[in-house]
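In what follows, a single structure is set out as structure tokens and then discussed.
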Amino acid sequence: MLFGNPKRTALLLLPFLFLAAGCGGASNPGALAEAPPSFSSPTVLVPEASGEEVFDVSPMHLDISHTDMGYLMVFNQSGEATVNFQLLDPDMVTYSYFISPGDYAVIPFSGGSGKYIMLGYVQITGNQYAALFSREMTVRLQNEFYPYLFPNQYVNFTPDSEACRLALSMMEPGTVDTEALSLIYNYVVEHVTYDDYKAATVDAGYLPDVDETLETGKGICFDYAALISAMLRSRNIPCKLQIGYAGATKHAWIDVYILSKGWINKAIAFDGESWTRLDPTFDSNADESNQDAILSYIGDGTNYNVQFTR
């Protein structure tokens, strides 16, 4: 997450701008094998634990009935111990999820179709965990965009979430994706301010609450990215929550898929002709004194390095 004041951070990183080249932009739509699934009207997708295919290693219960839809569900049936579920994607990137007693998590297959390795651990005491299982799984997605349309532990929403209701009420059902993106992005930038105190005190393992961010009007980079992701996904616009580094600073941002453009990587503000900004955290905190510097920095895609996609 972005710690400290984003205005200061952007300015401190400015010396590196002159050493880097290139900028974020749209990927080639022709490189994609398929288009996102289409719906007659915007539909908030809901993960389902249907019980058609499951396996248990106490206290973990895994429902893998809908891996072709881009997710699995992990339930912690313990009354007192936290469990840790790890997923190694086809590129061997390890995704780690901690699940509290009695809770569950929706886990996305962010690496797309391919071979995954699942690992389970249960808390013994404090930060000590015991291994429960290791299992390989081959995933074949119905549609490569599903992992970026469903909710998950990091982009957590339901049809009843205020964020989804707001996104669905802001525009007519036939609104095109570029207009929806612009409306949602501008709304969040105008209504959410950066929370310096939260950035300085946030605990490790923090997970965003999109409705809390809407209600308080405050957040850190993680909150901005999760909120916009939830709102876009509720409009059936594929969105990746990216976690990594902006320069040397831990950060979160988003990439969006637009039908006419393909994946818009590191650029999500659209003025009708071009994509000019990528980062709601910086953008919402820009003012006349630093706006040019911030836009120059966030327009340079080499400053952003992805670790995880949620």
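Tabulated data for the structure shown
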quantity: Cβ-Cβ FRET estimate between F39 and V93, R0 fixed at 35 Å, reported to 0.05; calculated: 0.70
quantity: More than 16 Å apart - percent of Cα-Cα pairs taken over the stretch 54-148; calculated: 52
quantity: Cα-projected label distance for D103 with Y206, points at 7 Å along beta-carbon direction, nm; calculated: 1.5
quantity: Sites R135 and H191, calculated FRET efficiency, Cβ-Cβ separation with R0 30 Å, nearest 0.05; calculated: 0.10
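Each value in this text was obtained by applying a stated rule to the coordinates, not by laboratory testing. If you're wondering where the values come from, they're calculated on a predicted model, not measured in any experiment. Don't worry about glycine lacking a Cβ; one is built from the backbone with ideal geometry, like all the others, and counts go over all protein chains shown.
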